Structure formats: C-alpha cells, structure tokens
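S.K.: Can you read through this structure? Questions will come right after.
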Amino acid sequence: MRKLKLQMNMTLDGFVGDSKGELNWMLPEVDEKQIQYLHELTNSIDIIILGRVMATEGIPYWESVAKSKSKNEEVAYANLFVKTPKIIFSKTLKSFEGENTSIEKGNLKKAISQLKAEPGKDIMVYGGARFVLSLIEQNLIDELHLFVHPVAIGNGLPIFGKNLSLN
C-alpha cells in the first residue's frame, strides 16, 4: 500500500505560514544533506496532492520556474513537479489550468484511501495549512517530513490541532 507523505516547512513555534499565509520567514535550502534528503523524498513519489489555496499559488509558480532557462536546483525540482500528476482537493474549484493536474471534489478520506490502494510510488502532500490540518485530523498522513526553521513568528497558520496524538 502506498503512503501519504507530508513535506512541509515550519517555524520553531509550529506555524507553516504567518497570519496572512506568507512564507518570508523561510530560509533557503543550502545544506547539501538536506538537498540530498529532498531529492530522495521527491524520487519516492509519483503523485502530488494539494489543497486549493496551495495549488492556485504553487502550480503557476513552479510552471513558470520550469519554463525559465536557468540551470539550478530550483529549476530541476520545478521540472519534476510539473511532470508529476497533481490532484487538487477542492469543493469550490470548477476548473484549473495546469499541466498534469486534476481536481477531486469527493470525500477526502475515501479519495485518499483509494489513491493509497492503487499501485505505484508513494503520494506527497505539500499543503496548504487548512488542507494538511484536515488530513492530520483524519489520520490520513503516514509520514511527516517537517523542515523546522530556526525562526519563531508568534502566530500564524498551524497544521496541528488541539490534543493531537501522533502515535
């Protein structure tokens, strides 16, 4: 059975975005061990799932990076992101222009369970915060890959609810 993996950056005080969803607190990935770990993690998946907010912001960004002429790690990741099938979970989104992208409007738990039962590599969720919180609350995420930045912002968007056990 496939696993659903979460890859997300967060602050020391447990937020994945500030109160407006901004990520200006994030530090660049420059550590070679971290970059290698990210490569291995990315190569272990063949589907990406996202919530509506993350999809509408992230997919156009990565598609524009992939079209750039630069030769760097970000472009290499962008190319992989664009070619990987992406499923946007949204009850409100009618359509979306993006390469290898589809929309899932059905029951979250049922849809994730069906994806996990299909043959293939693992599945990655990149966010956003409310979508990830919903996945965690329904115990749908199998692995947490959290990159904690040495920054505290005081308040913002959490992905962990109250009284949550990660056993």
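S.K.: What are the residues in segment 48-70 that are open to solvent by 20 Å² or more (accessible area, probe 1.4 Å) and not polar (S, T, N, Q), if any?
M.R.: Across segment 48-70, the qualifying residues are 52, 53, 54, 57, 60, 61, 62, 63, 66, 67, 69.
S.K.: Out of all the residues in segment 35-47, which are open to solvent by less than 50 Å² (accessible area, probe 1.4 Å), part of a helix (DSSP H, G or I) and among the polar types (S, T, N, Q)?
M.R.: 42
S.K.: Within segment 9-58, how many residues turn out to be small (Gly, Ala, Ser) and touching a helix residue (DSSP H, G or I) at 6+ places or on another chain (Cβ under 7 Å)? Can you show your working first?
M.R.: Looking only at segment 9-58, we keep the residues that are small (Gly, Ala, Ser), and these are 14, 17, 19, 21, 44, 51, 55, 58.
Still in the list and also touching a helix residue (DSSP H, G or I) at 6+ places or on another chain (Cβ under 7 Å): 17, 51.
Number satisfying all stated conditions: 2.
S.K.: Could I ask something else about it? For segment 74-87, does any single residue satisfy the condition of being within 27 Å of residue 118 (Cβ to Cβ), open to solvent by less than 60 Å² (accessible area, probe 1.4 Å) and in contact (Cβ under 8 Å) with a residue 40 or more places away in the chain?
M.R.: Checked against the condition, which is being within 27 Å of residue 118 (Cβ to Cβ), open to solvent by less than 60 Å² (accessible area, probe 1.4 Å) and in contact (Cβ under 8 Å) with a residue 40 or more places away in the chain, segment 74-87 yields at least one hit.
S.K.: Quick check on this structure: which one of 109, 94 is part of a loop (DSSP other than H, G, I, E, B), basic (Lys, Arg) and surrounded by fewer than 18 Cβ atoms within 10 Å (Cβ to Cβ)? Write out each step before concluding.
M.R.: Details: 109 fails: part of a loop (DSSP other than H, G, I, E, B).
The conditions single out 94.
S.K.: I'd like the full set of residues that are over 16 Å from the mean Cα position of the chain (by Cα), assigned to a loop (DSSP other than H, G, I, E, B) and surrounded by 16 or more Cβ atoms within 10 Å (Cβ to Cβ), limited to segment 116-160.
M.R.: Within segment 116-160, 153, 156 meet the criteria.
The values are calculated or read from the model by the stated rules, or taken from the named source; none is laboratory data. Values in this document were obtained by computation on a predicted structure and should not be read as measured data. Backbone-built Cβ (ideal geometry, glycine too); neighbour counts: all protein chains shown. With ligands, DNA and RNA removed, areas are computed over all heavy atoms of the protein, side chains included. Shrake-Rupley method; radii C 1.70, N 1.55, O 1.52, S 1.80 Å.
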